[in-house]
Structures are given as C-alpha cells and as structure tokens.
1. Going through ALA91, ALA65 one at a time, which residue ends up being touching a Phe, Trp or Tyr at 6+ places or on another chain (Cβ under 6 Å), within 26 Å of LEU108 (Cβ to Cβ) and either of a type in the set (Lys, Arg) or not in a loop (DSSP other than H, G, I, E, B) (or both)?
2. Report the residue count in segment 116-148 for those that are in contact with an Asp or Glu (Cβ under 9 Å, 6 or more places away or on another chain), of a type in the set (Val, Ile, Thr) and under 22 Å from THR164 (Cβ atoms).
3. Residue under question is ASP34, and the condition is that it be touching a residue at least 12 places away in the same chain (Cβ under 8 Å), within 25 Å of PRO152 (Cβ to Cβ) and among the acidic types (Asp, Glu); does it hold?
4. Any residue in segment 140-159 that is surrounded by fewer than 17 Cβ atoms within 10 Å (Cβ to Cβ) sitting within a Cβ distance under 6 Å of a residue that is in a loop (DSSP other than H, G, I, E, B) and of a type in the set (Asp, Glu)? List the pairs, counting only those 6 or more apart or interchain.
5. Given the residues TYR16, TYR41, which is the only one that is loosely packed, with under 14 Cβ neighbours inside 10 Å, modelled with pLDDT of 95 or more and over 22 Å from LEU108 (Cβ atoms)?
6. At pLDDT 95 or above, of a type outside the set (Asp, Glu), part of a strand (DSSP E or B) and more than 24 Å from ILE166 (Cα to Cα) - does that describe any residue in segment 72-80?
7. Taking into account only those residues within segment 65-82 that are in contact with a strand residue (DSSP E or B) (Cβ under 9 Å, 6 or more places away or on another chain) and without any contact (Cβ under 8 Å) to a residue 40 or more places away in the chain, which is farthest from ASN148 (Cα to Cα)?
8. Which residues, counting only those in segment 19-56, are among the polar types (S, T, N, Q), farther than 27 Å from ALA163 by Cβ and in a strand (DSSP E or B)?
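The values are calculated or read from the model by the stated rules, or taken from the named source; none is laboratory data. This structure is a prediction, so every number in the text was calculated from the model and none was measured. Note that we place each Cβ from the backbone using ideal geometry, even for glycine, and neighbour counts take in every protein chain shown.
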Amino acid sequence: MVTTEDNHRFTAKYDYYYSKKLFLTLPSYDLVVDTFRNIRYQTSLGVAVGYEVIDIKGMDLEVYAGPSVQATHFDAVEPGEDEVVYSPVLAFGFDFEVDLTSDIEYFLVYDAKLVNEDSGLYIQRTETGFEVELIDDFDLEITAVIDNTLEPVADENGIEPEATDILFTIGIEYEF
C-alpha cells in the first residue's frame, strides 16, 4: 500500500472584540502532524491584534499580526541536528469572505509565520474555496489548501521534503 497523504491539523483561537473593528486573539493554538514534511508534530501558542478592514453587507476582510512561540518535533534529522526545535514567531495574515449568493460564500485565508532558520524560516498557508449552505448551521465546504515552508528540514538521509504541499478537501462544516 502506498501512502500519498498523512497530515492532521488542529487550530483553535478566541477573538475578543475590543471595539466594533479592533479585536485581540487570546490565545491562538495550532497543532500540525505531517509525516511527509518530516514533522512528527508542531505546536504554536500565541496572541495577536486584529482589525476588521472591510465590514459591509456580504463582504468581510480582517487582518492580524502578533507574536507566538513554536515547538517542532521532527520525525528524523541529519546527524548532529536537533530533533526538537523551538522558535519565536511573528505571525500575520488575513481572512477575506464574500457572499456570492445567499447560499454560497467564497473565502480566502492567508496565514504566515516568520520563524528561525532551524524551523523553516518562513511558513505560509493559503486556504481558498467555497462554502455552500445546506441546512441550518451545516455547510458543504470545498477547499484548496497550499502549505509552504521556505527551508524544509532534511531527514536523516539529507533528503528535504517538498517545500510546497497542495491539498483539495471536501467536508461538512457545522457552525454554532
């Protein structure tokens, strides 16, 4: 059997709106498991300040930036390299949504992290796709995801994982 994909991601955050447009993310948490990118698991914990740039009927754009700390546990590394690497992080990004119809929404989310060289230097994730309202709080979500690490960490044989990983997902989303 050939494995073509084996990754998992858990993301959680709480946004506290200080005013109608200004919000604080207290805290944000990410957990990534991706054996194809040589990551046994990677966690980050941070805070951010954000601003709602556009808030009109049917269209929203939010931007954010803030500090985090990240720990990466690699599956395998070259001799003499650390299997566990810690890094300060400057995280930033945006979240754009527009209603195409009353039942269909287009979204584009970009998240980036500036990290130390041992952690990949620059990590970015782009998600884009459509949410189609099915019933009540349930949506069909069709998404393309692009994950990129500028300098991926090589395994014990000196082989670097692909810098870019592209995924297509279809799922059912529940919002409350």
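1. Matching residue, one of ALA91, ALA65: ALA65.
2. Number of matching residues: 6.
3. Against the criterion (touching a residue at least 12 places away in the same chain (Cβ under 8 Å), within 25 Å of PRO152 (Cβ to Cβ) and among the acidic types (Asp, Glu)), ASP34 qualifies.
4. Once the first residue is surrounded by fewer than 17 Cβ atoms within 10 Å (Cβ to Cβ) and sits in segment 140-159, its partners that are in a loop (DSSP other than H, G, I, E, B) and of a type in the set (Asp, Glu) give ALA154/GLU78; ALA154/GLU160; GLY158/GLU78.
5. Being loosely packed, with under 14 Cβ neighbours inside 10 Å, modelled with pLDDT of 95 or more and over 22 Å from LEU108 (Cβ atoms) holds for just one of TYR16, TYR41, which is TYR16.
6. no
7. Filtering segment 65-82 for residues that are in contact with a strand residue (DSSP E or B) (Cβ under 9 Å, 6 or more places away or on another chain) and without any contact (Cβ under 8 Å) to a residue 40 or more places away in the chain, the one farthest from ASN148 (Cα to Cα) comes out as ASP82.
8. THR25
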